[in-house]
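Encoded as structure tokens, the structure appears first; notes follow it.
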């Protein structure tokens, strides 16, 4: 990952994106661009805000990458790295994934969400804002507004599945154009995700997101296997069956819920790899990447 980190440090353009602006920030293919989501005043979900921000690094595929992957043209995804809600593993589960998907013709936006420290609404507000930001700028960035999904790993998989089960259609009369569009992702790709906040989940993620003594109501609200509905977007899941930190029962429960609502979904049970799939390399890592792209291609073909 050193080569990728060097590339990113040299090529990321840091800009403060004024969300109120009517025009999309100019982003050139091959030039990852880091945007401010809140312009330094981020909401807490209780009517208050803090002097903080979340960041979105947008990467667009080149003309050559698009030509080599015509079936995925116009698709985009917000990427949510993991880290147990106590960190954001932005390189291997963020920028590395963005580069891989760009190579397959998919536009990417890596989300550096705020850490909750028990403020359970904060990461979701950032993810929803990221999805709205990509959607409101979609046409200017060569993206189809109905082909915008979300990808998440570990606790980032919990955030991604939360975005896929807690969403709204936007507010048509909002002053800010970003707030007028839907934050519903059109698809989810969840890799060794935390799903439940109850037994069988990941204790560290639960504590960091919900605090030391969350109520039963709050646990249920963020146990996403219980939040699936007929409006939940299609999902691809991958999980090593020997994952100890985040048991594969998380993916199984979410997949079962999706299937019960007839949501297009696939669950790839990987025989080995543990949490992190052997350090983001090897046959198990390659397997989820290959299979998720095939699944996404079929999903997009079906929607034509």
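The values are calculated or read from the model by the stated rules, or taken from the named source; none is laboratory data. What you see is a predicted model, and the numbers here were worked out from it, not measured in a lab. When we count neighbours, we look across all protein chains shown, and the Cβ atoms used for this are built from the backbone with ideal geometry, even at glycine.
Of everything in the stretch 34-51 that is under 20 Å from residue 78 (Cβ atoms) and in contact with a helix residue (DSSP H, G or I) (Cβ under 9 Å, 6 or more places away or on another chain), the residue that is surrounded by the fewest Cβ atoms within 10 Å (Cβ to Cβ) is 45.
Would it be correct to say that residue 180 is touching a helix residue (DSSP H, G or I) at 6+ places or on another chain (Cβ under 8 Å) and surrounded by 17 or more Cβ atoms within 10 Å (Cβ to Cβ)? Quick ask: steps written out before the conclusion?
Details: touching a helix residue (DSSP H, G or I) at 6+ places or on another chain (Cβ under 8 Å): yes; surrounded by 17 or more Cβ atoms within 10 Å (Cβ to Cβ): no.
For residue 180, the condition - touching a helix residue (DSSP H, G or I) at 6+ places or on another chain (Cβ under 8 Å) and surrounded by 17 or more Cβ atoms within 10 Å (Cβ to Cβ) - is not met.
Inspection of the stretch 47-69 finds no residue satisfying the criterion of being modelled with pLDDT of 95 or more, within 26 Å of residue 277 (Cα to Cα), out of contact with any strand residue (DSSP E or B) (no Cβ under 8 Å at 6 or more places or on another chain) and in a loop (DSSP other than H, G, I, E, B). Residues of the stretch 187-211 that are assigned to a loop (DSSP other than H, G, I, E, B) and touching a helix residue (DSSP H, G or I) at 6+ places or on another chain (Cβ under 9 Å): 187, 192, 193, 194, 195, 196, 197, 198, 200, 201, 202, 211. When every residue of the stretch 15-22 is checked against the conditions, none turns out to be part of a loop (DSSP other than H, G, I, E, B), farther than 17 Å from residue 136 by Cα, modelled with pLDDT under 95 and in contact with a strand residue (DSSP E or B) (Cβ under 7 Å, 6 or more places away or on another chain).
Residues of the stretch 96-139 that are within 19 Å of residue 165 (Cα to Cα), touching a strand residue (DSSP E or B) at 6+ places or on another chain (Cβ under 6 Å) and surrounded by fewer than 23 Cβ atoms within 10 Å (Cβ to Cβ): 125 alone. Candidates in the stretch 152-177 are the residues that are more than 18 Å from residue 93 (Cβ to Cβ) and surrounded by 15 or more Cβ atoms within 10 Å (Cβ to Cβ); of these, the one that is farthest from the chain's Cα centre (by Cα) is 177. Residue 121 passes every criterion in (1) within 20 Å of residue 31 (Cα to Cα); (2) in contact (Cβ under 8 Å) with a residue 60 or more places away in the chain apart from (1).
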